[in-house]
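What follows is a set of notes on a single structure, which appears directly below.
Just so it is clear, none of the values below were taken in a lab; they were calculated from the coordinates. Remember, it's a predicted structure, so these values are computed and weren't measured experimentally. Every residue, glycine among them, receives a Cβ derived from its backbone with ideal geometry; neighbour counts consider all protein chains shown.
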Amino acid sequence: MFATAAFLTMAAQQQFRPPAIPLVTHDPYFSIWSFGDKLTDDWTKHWTGKNHAMVGMIRVDGKCYRWMSRGLEDVPAAEQVSLKVLPRRSAVTFTAGGVEFTVSFICRQDIRDENMLSRSDTYVSMSYLSADSRDHDVQFYLDCSSELVVNDSSQEVEWSRLNTSGEDGTILAMWHSGGRPLNRVGDDHRIDWGKLYMIPGRGRTSFGSSQEVRQMFVENGNLPPDDTRMPRPVQDDWPVAAWRSEKLKATSKVDGVGCILAYDDDTPIEYFRRPLRPVWRTESGSWTEDWQTANKAMKGTDDRFLLTDDNEWPMPQWRKLGSDYATLATLAYRQCLAGHKIVRDIDGTLLMFGKENFSNGCIGTVDVMYPACPIFLAYNPALLKANMEPIMQYASMPRWKWKFAPHDLGTYPKANGQVYGGGEKTEENQMPVEESGNMLIMAAAYLEKSGDKAWIEKYWSKFTEWAEYLKQYGVDPGNQLCTDDFAGHLAHNANLSIKAIVAMACYGKMCGALGHEKDKTYWTDMSHKFARDWMKMAGDGDHYRLAFDKPGTWSQKYNLVWDKVLKLGLFPQEVYDKEVAYYLKKMNKYGLPLDNRADYTKLDWTVWTACLASKKEDFEKIMAPVYKWMNETPDRVPLSDWYDTKTARCVGFRARTVVGGVFMPLLSGFTSPVQGAGG
């Protein structure tokens, strides 16, 4: 057996059961997960829960076993031995018929490289060897359902082969007949334009009815000739693109084979009526060029992409915060990046758009960008700028007439103007203090990480306008929504007030960076005064209130973390210590409630709140129930950020980018005393 091989699962991860296993995770459309304990428990699914079936099988000495999805029910499932989920790889190990094999789904989601991050290639690598000291004949099989290229199964599909000069033969392509780019918007939607590609390894490929193609492989290891009945609806015999390897020999030596899955969506984003292309399309321009890069990587000649080391970047950094934290960060990394699309504008400007998954489908939502921003600040601040740039451009247009920041840019994938809260037409049901504060805080954090004064100066008039708005309306907010809008309107919101005060201090910090010393002094002194006022208005004995006018209430003061991260020195140590001590009294089995109104919590905010601790043990006391929830929640979906702290049930939301907030501990230095605490 190859139990010591690098691609087998660490003991700590053998016991971990993720809510859902990420398999193909590139963007809001090309996103496929397994929702069960084992890959063979159910069909693989799009993050929305709709079937995006991929079927995997293996023949060992003439007998067939399933290793992914249901497929043919009379085919027994291979025994799943272990599971490993790493930042850019999910590896599942099985045994069947005396053979041990590991199937790895490897994607090039490297946040440090915009070109690589924008690509949509997943390598399905199959490593194998004999587990009983005997030689065995082996063949692998993988198919992709045409469900992957439509929004619903009534839509028609077509397929073809692309001739290449590569030794592995033709590339399979499948697409929705008559699919028009950017033809729909919404949340519970799947892409029905562009093309799915399967780049085969050594072996044979086929298009055909799922039952016929799979049955032939089960019976004799072959595939039928291509089905020519097209176009036809997906639900008409469920066409698949299939590959089976050549006959292989499993010996005591590890060997491998595989194929690549990719999606070319051509123009994935519309930005103020102009369609934009992914970064890789603007730099290489040709899908065949990208295929050559992907093929090279699959064959092992580019080890940046074939990752076989448990210590692959950035796992060692995450493990310094504990193995449980590393597990959470692994899932959050993949999910956060897969909720975005990265493109270039017509002038070459880098733009990044997040989708508000399983909420309302908005694109470029500021109060989704805000909780996600720690991952970008930690690893690539240019991507935070790429998220903020479209909002700054929009807010600078004459059509945006309000003195506060926008909430969103439209409904994914069309960023043509705000749709939330009446859009551009009314102030009612918007989030004026929330979004203005978010933008100022993110701008200050970006400036500190990047030193990019030119970008801040470019939009200085807007930042000034928003700071002035917060000075007038932010310290004691009126009856308005904040990012936790599911809880409804709330006047005199103490946590929202913190955001406004911190944001004004951030504006003062930016004034200083730009050399505006008089303005720096004015805004710094004023924000410190507001912080002292806040302590009096919010004080409630051993903690601080949910709202200034509601004694006996409490809430997580997660916005306070930026005072610590940016060393603003607004609030004294006693505020942090008093709040953390109170939170520890309010813990439930699966975490700290968001506030006194309900038992639910938010994953992102809980991690930020944990970072308020000045002692590592207090941080761990707040985080430990989060890890327990992640491993025990009965709802098998990509990480939810809104769940019940008593039952572990998902209240709402899944697969959202806000899990980028899990990386706040990398910014906050929580193991040290609060830096910059003043008063």
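Tabulated data for the structure shown
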| read-out | value |
| --- | --- |
| Translational diffusion of the range 11-298, µm² s⁻¹ [Kirkwood Rh, Cα pairs; Stokes-Einstein; 20 °C; 1.002 mPa s] | 111 µm²/s |
| Modelled FRET efficiency - R0 30 Å, Ser154 with Lys425, Cβ distances, 0.05 increments | 0.25 |
| Column: log10 I(q)/I(0), Debye, Cα scatterers of the range 71-187, q = 0.17 Å⁻¹ | -1.21 |
| Cα-based reach from Lys578 at 13 Å (exclusive), listing aspartates and glutamates while leaving out same-chain residues under 8 positions away | Asp540, Asp542, Asp618 |
| Eligible aspartates and glutamates near Lys355 by straight Cα distance, threshold 14 Å, same-chain separation 8 or greater | Asp27, Asp187, Asp188, Glu270, Asp367, Asp408 |
| Separation of alpha-carbon centers, the range 456-527 and the range 61-92, rounded to whole Å | 52 Å |
| Relative contact order for the chain, counting Cα pairs under 8 Å that sit 6 or more residues apart, in percent | 12 percent |
| Rounded tilt (10° steps) of 460-473 against the dominant C-alpha axis of the chain | 60 degrees |
| FRET efficiency for Glu465 and Arg232, using Cβ-Cβ distance with R0 set to 51 Å, rounded to 0.05 | 0.35 |
| Rel. contact order, % - alpha carbon contacts under 8 angstrom, at least six apart, the range 339-415 | 33 percent |
| Length gained when the stretch Ser450-Ala581 is fully extended (0.36 nm per residue, less Cα-Cα span) | 43.7 nm |
| Arg161 paired with Asn360, simple spin-label distance in nm, labels 7 Å along Cα-to-beta-carbon | 5.0 nm |
| Residue-span extension gain [Asp187 to Gln211] - 0.36 nm each, minus C-alpha spacing | 5.5 nm |
| Degrees separating the helix 381-395 axis from the principal Cα axis of the chain, which is the longest one | 70 degrees |
| In degrees, nearest ten, helix 366-379 long axis to first principal axis of the chain (Cα) | 70 degrees |
| Theoretical gain in end-to-end length, Ile346 to Met535 [0.36 nm per residue, Cα-Cα removed] | 63.2 nm |
| Calculated FRET efficiency for the pair Glu283/Arg597, C-beta based, R₀ 56 Å, to 0.05 | 0.70 |
| Inter-label distance for Arg112 and Tyr522, nm, one decimal - labels placed 7 Å from Cα along Cα-to-Cβ | 4.3 nm |
| Cβ-defined net charge surrounding Pro275, 13 Å radius [Lys, Arg +1; Asp, Glu -1] | +4 |
| Within the chain, helix-based [θ] at 222 nm, where runs of 4 or more DSSP H residues each add -39,500 (n - 2.57), nearest 500 | -9500 deg cm²/dmol |
| Relative exposure of Thr122, Thr327, Thr95, judged by other C-beta atoms within 10 Å (fewest first) | Thr95, Thr327, Thr122 |
| Kirkwood-Stokes translational diffusion coefficient of the range 108-247, alpha-carbon pairs, 25 °C, 0.890 mPa s, µm²/s | 146 µm²/s |
| Contact order relative to length of the range 11-298, as percent, for alpha carbon pairs under 8 angstrom and 6 or more apart | 18 percent |
| Residue-count net charge about Arg180 - beta-carbon cut-off 14 Å; Lys, Arg +1, Asp, Glu -1 | -2 |
| Burial ordering of Ser146, Ser90, Ser450, fewest other beta-carbon atoms within 10 Å first | Ser450, Ser90, Ser146 |
| Pairs from Lys385/Lys414; Lys341/Lys567; Lys425/Lys462; Lys50/Lys320; Lys50/Lys385; Lys385/Lys462 whose Cα-Cα separation, in the structure shown, is over 27 Å | Lys341/Lys567; Lys50/Lys320; Lys50/Lys385 |
| Pair Lys401, Glu457: separation of 7 Å Cα→Cβ label points (nm) | 3.3 nm |
| Packing-based order for 556-562, 620-626, 250-256, using average beta carbon neighbours within 10 Å, highest first | 556-562, 620-626, 250-256 |
| Within the chain, percent of DSSP bridges classed antiparallel, to nearest 5 | 95 percent |
| Equivalent ellipsoid semi-axes - Cα gyration tensor, the chain, angstrom | 47, 27, 21 |
| Likely footprinting exposure, Trp175, Trp402, fewest C-beta neighbours within 10 Å first | Trp402, Trp175 |
